[in-house]
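Single-structure report; data block below.
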Amino acid sequence: MGALLFAIASVLAGLGIEGYNPVKQYISESYATGMPYAVIWQYFFICSGLLLFFFGIVAANCFPKRSNTKVWFFLFAIFYGIGTLLTGIYPCDVGCYLDPENPRISQFIHNTVGNLTYAVVPFSILASSYAFSKLKLSKKLTVFSAICGSLCLLFVILLFGDPEGPYRGLFQRVIEASIISWIVYLSFYIKSTKTKTNED
């Protein structure tokens with residue numbers, strides 16, 4: 001549900017803004033202060049963040065205690081779950097540009113949280129892939145996690161290298177699609193594993 005709410009808001013929020021370009025503009029620009037229906041989309045991201053936080057916490061308890069998967073899931077829950085929540089509570093200004101001469105606290109928090117999220121989450125996913133391989137879990141899960149984590153990290157590097165570039169919106173959407181895909185795949189994996197365990 002958290003992934004679904006995030007995906008819906010990311011896609012639909014920009015449709016009501018004339019001239020909005022998802023390739024050139026950040027997702028945050030679609031619900032920036034003063035944008036049409038911005039408050040509605042803020043609630044979508046806030047609810048999504050809460051659900052993704054609980055996903056990370058619950059997922060951590062679905063794997064053996066002796067593994068270090070808990071650490072990576074907790075980091076994911078904090079930085080992606082709480083990060084999404086905070087960027088919903090504190091929207092950016094139009095253009096998502098932090099004016100160094102007259103910075104707004106909402107914009108500052110939004111940018112800081114966003115940067116921290118993208119700096120940590122790719123490594124959490126990659127580390128979880130390594131942990132899955134050490135636990136000798138599904139090879140598909142391990143490989144898929146490695147692909148999502150690597151893709152996420154690659155586009156974070158591209159985005160950080162040119163945060164005001166003409167393709168910043170596209171880069172961000174690839175990052176988010178990688179993360180959301182991993183969440184959905186992992187959710188179904190956990191669900192299928194638990195079902196088999198219960199049947200046994």
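The values are calculated or read from the model by the stated rules, or taken from the named source; none is laboratory data. Given the structure is predicted, the values throughout are model-derived calculations rather than measurements. In this analysis, Cβ positions are derived from the backbone assuming ideal geometry, glycine residues included, and neighbour counts consider all displayed protein chains. Note: accessible area is taken over every heavy atom of the protein model, side chains too, but ligands, DNA and RNA are not part of it. Shrake-Rupley method; radii C 1.70, N 1.55, O 1.52, S 1.80 Å.
Which residues, taken from the range 127-166, are open to solvent by less than 50 Å² (accessible area, probe 1.4 Å), in contact with a helix residue (DSSP H, G or I) (Cβ under 7 Å, 6 or more places away or on another chain) and of a type outside the set (S, T, N, Q)?
A127, A131, F132, L141, A146, C148, G149, C152, L153, F155, V156, L159 - these are the residues of the range 127-166 that are open to solvent by less than 50 Å² (accessible area, probe 1.4 Å), in contact with a helix residue (DSSP H, G or I) (Cβ under 7 Å, 6 or more places away or on another chain) and of a type outside the set (S, T, N, Q).
Within the range 95-110, is there a residue that is within 30 Å of P36 (Cα to Cα), surrounded by fewer than 17 Cβ atoms within 10 Å (Cβ to Cβ) and modelled with pLDDT of 95 or more?
no
Here is a list: L151, L159, L137. Which entry is assigned to a helix (DSSP H, G or I) and over 14 Å from the mean Cα position of the chain (by Cα)?
L159
Okay, residues lined up against (1) closer than 22 Å to P163 by Cβ; (2) assigned to a helix (DSSP H, G or I); (3) open to solvent by 30 Å² or more (accessible area, probe 1.4 Å):
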site	(1), (2), (3)
F6	yes, yes, no
A9	yes, yes, no
L12	no, yes, yes
G19	yes, no, yes
K24	yes, no, yes
S30	yes, yes, no
T33	yes, no, yes
Y43	no, yes, yes
L50	no, yes, yes
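Select, from G88, G56, the only residue that is under 17 Å from the mean Cα position of the chain (by Cα) and either charged (D, E, K, R) or closer than 21 Å to Q25 by Cβ (or both).
Criteria check complete, one pass: G88.
Restricting to the range 67-112, give me the number of residues that are under 25 Å from G165 (Cα atoms), assigned to a helix (DSSP H, G or I) and touching a residue at least 60 places away in the same chain (Cβ under 8 Å).
4
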